[in-house]
Amino acid sequence: MADALGIALVGCGTVGAGVAKLLLSESARLAQRAGRSLELRHVVVQDQHKLRPVELPSSILTKDLNVALHDPHVHVICELMGGTTTAKQVVLESLARGKHVVTANKALLADAGHEIFEAARIADRTVCFEAAVAGGVPIIRALAESLSANQITSIQAILNGTSNFILTAMAERGIRYSQALAEAQQLGFAEADPTLDVDGSDAAHKLAILAQIAFGVTAKPHEIERVGIEQIEAIDIRFATELGYTIKLLAEAWVAGGHVALHVAPVMVRKTDMLAQVRGSFNAIQLVGDVVGETLFQGPGAGMMPTASSVVADLIDLAVGRAQRTFDVAKLWSKEGRGFSVEPSEKVRSRFYLRLMVMDQPGSLADVCRALAEQGISISSLVQHEAPEGNSQAVPLVIMTHYAETGKFRAAVKVIDRLPAIQQPAVSYSVDD
Ligand code: HSE
């Protein structure tokens, strides 16, 4: 058997502990898959005495990153600390020291992918990041390797387990948003700062990474429009159910000509659709390729052992030498684009759900319909329940539109929000049909 692959972990939180656990408990199986043993030589942590979910020999715990960087028997540094400042230094120093890097850090790649991958090319080392998108779902390999004969034409994905857990709990158990978020945090899915989960940022980081592989585009943060789930109201979840839909936070990429539109937003998905069946903290990625057609990848998108599964798969690929070959040809985050540019979502065509709180009085509905008609938007269905106590109060009016351009729909909503009969800003979601 060839020499062992020497590994150092930097960070031993939920993911790091899972990786250490797997490396220590399944060493024989992993050695067989890798053709050589995977040797955990160092675990770099801030506090050596902290209680962790994995028992580690004290000899491998250190506070000093240099111990790992200067060990000639360490071939790979796993950056599992999160954050974008120190983590970036760790990755760049590791590459400069001739180590391969495995990272689960989607924010870092989305922010600094170009710098990191250029540094790796200069150092002739490889950066692997299967765990950065969708936890245990092998979507990076699927895109970079298994579907490499395709041009991807659309991506629709549930990429944040915390949000999906919250939306599932609100829809199925009728619990409040804050309670569902607290449960997700207790279960260990949520980011250290859960705002990133619920405001769409975490999903946007992951979408940026998928878009890099699928289209060769480096999307700047502001080029991915994002709307989170914090504002979703129980009334819209109830209307969605009544209409046969469920609300999911989707990260989407739509291609038209040489343009790709990227956005993250709550979307109404038909209850019978595959994405609607993805519950709890699970992630799913629906890809359409011009050769293969529609595919769906689904699995645990967060959590200790699913994420460890992906990190260790990267280690095995490095041990075998596969990862280095893929890295060389993929030319990720390089200047070599593939002719796509990122465009705003204004031209994307969709159906829309529009909920208004309107005064139940003559002409209200006519005004709303006129605003839509002026943008060429046709109504597909309309629901208004009678006000419980006469017609002196605002009632919810729900409109489903036929397909329309996003920009035109937004223009109509601007006009509608200014109508005298409208009592609250309109709530709208695109509808996936
Ligand atoms: N916080 C993320 C999620 C998991 O809830 O999906 C790691 O990316």
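Which residues, counting only those in the stretch 235-250, are in contact with a Pro (Cβ under 9 Å, 6 or more places away or on another chain) and not aromatic (Phe, Trp, Tyr)?
Keep residues of the stretch 235-250 that are in contact with a Pro (Cβ under 9 Å, 6 or more places away or on another chain), which gives 235-236, 239, 247-250.
Matches in the stretch 235-250: Ile235, Asp236, Ile247, Lys248, Leu249, Leu250.
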Condition first: surrounded by fewer than 19 Cβ atoms within 10 Å (Cβ to Cβ) and either aromatic (Phe, Trp, Tyr) or touching a Leu at 6+ places or on another chain (Cβ under 7 Å) (or both). Now tell me which residues in the stretch 266-288 satisfy that.
Met274
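Could we say that Glu172 is surrounded by fewer than 24 Cβ atoms within 10 Å (Cβ to Cβ) and away from the ligand (no atom under 16 Å from the Cβ) here? Outline the logic, then answer.
Working: surrounded by fewer than 24 Cβ atoms within 10 Å (Cβ to Cβ): yes; away from the ligand (no atom under 16 Å from the Cβ): yes.
For Glu172, the condition - surrounded by fewer than 24 Cβ atoms within 10 Å (Cβ to Cβ) and away from the ligand (no atom under 16 Å from the Cβ) - is met.
Per-residue answers, yes or no, for (1) closer than 19 Å to Leu315 by Cβ; (2) touching a Pro at 6+ places or on another chain (Cβ under 6 Å); (3) in the same structural domain as Gly280 (by TED's automatic domain parsing); (4) within 14 Å of the ligand (Cβ to nearest atom):
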position	(1), (2), (3), (4)
Ala96	no, no, no, no
Gly113	no, no, no, no
Ile116	yes, no, no, no
Val127	yes, no, no, no
Val133	yes, no, no, yes
Can you name the residue in the stretch 198-246 that is under 15 Å from Val260 (Cβ atoms) and of a type in the set (S, T, N, Q) and, of all such residues, is surrounded by the most Cβ atoms within 10 Å (Cβ to Cβ)?
Gln212
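Take the stretch 185-197 and flag every residue that is surrounded by fewer than 24 Cβ atoms within 10 Å (Cβ to Cβ) and of a type in the set (A, V, I, L, M, F, W, C). Break it down stepwise before answering.
Let us first name the residues in the stretch 185-197 that are surrounded by fewer than 24 Cβ atoms within 10 Å (Cβ to Cβ), namely 185-188, 191-196.
Correct list: Leu187, Ala192, Leu196.
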What are the residues in the stretch 192-202 that are within 8 Å of the ligand (Cβ to nearest atom) and either touching a strand residue (DSSP E or B) at 6+ places or on another chain (Cβ under 6 Å) or among the charged types (D, E, K, R) (or both), if any?
Asp197, Asp202
Among Ala204, Ala180, the single one that is in contact (Cβ under 8 Å) with a residue 60 or more places away in the chain and of a type in the set (Gly, Ala, Ser) is Ala204
Counting only strands (runs of 3 or more DSSP E) wholly inside the stretch 243-343, the ones holding at least 2 residues that are in contact with a Ser or Thr (Cβ under 6 Å, 6 or more places away or on another chain) and away from the ligand (no atom under 16 Å from the Cβ) are 245-256, 259-270, 282-289
So for the stretch 77-89 (the condition being under 16 Å from Leu318 (Cα atoms), touching a residue at least 60 places away in the same chain (Cβ under 8 Å) and either surrounded by fewer than 18 Cβ atoms within 10 Å (Cβ to Cβ) or away from the ligand (no atom under 15 Å from the Cβ) (or both)), does at least one residue qualify?
yes
The residue from Ala149, Ala184, Ala142 that alone is of a type in the set (A, V, I, L, M, F, W, C) and within 16 Å of the ligand (Cβ to nearest atom) is Ala184
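The values are calculated or read from the model by the stated rules, or taken from the named source; none is laboratory data. Treat the numbers as computed from the prediction; the structure is a model and nothing was measured. Neighbour counts run over all protein chains shown; Cβ positions are idealised from the backbone, glycine included.
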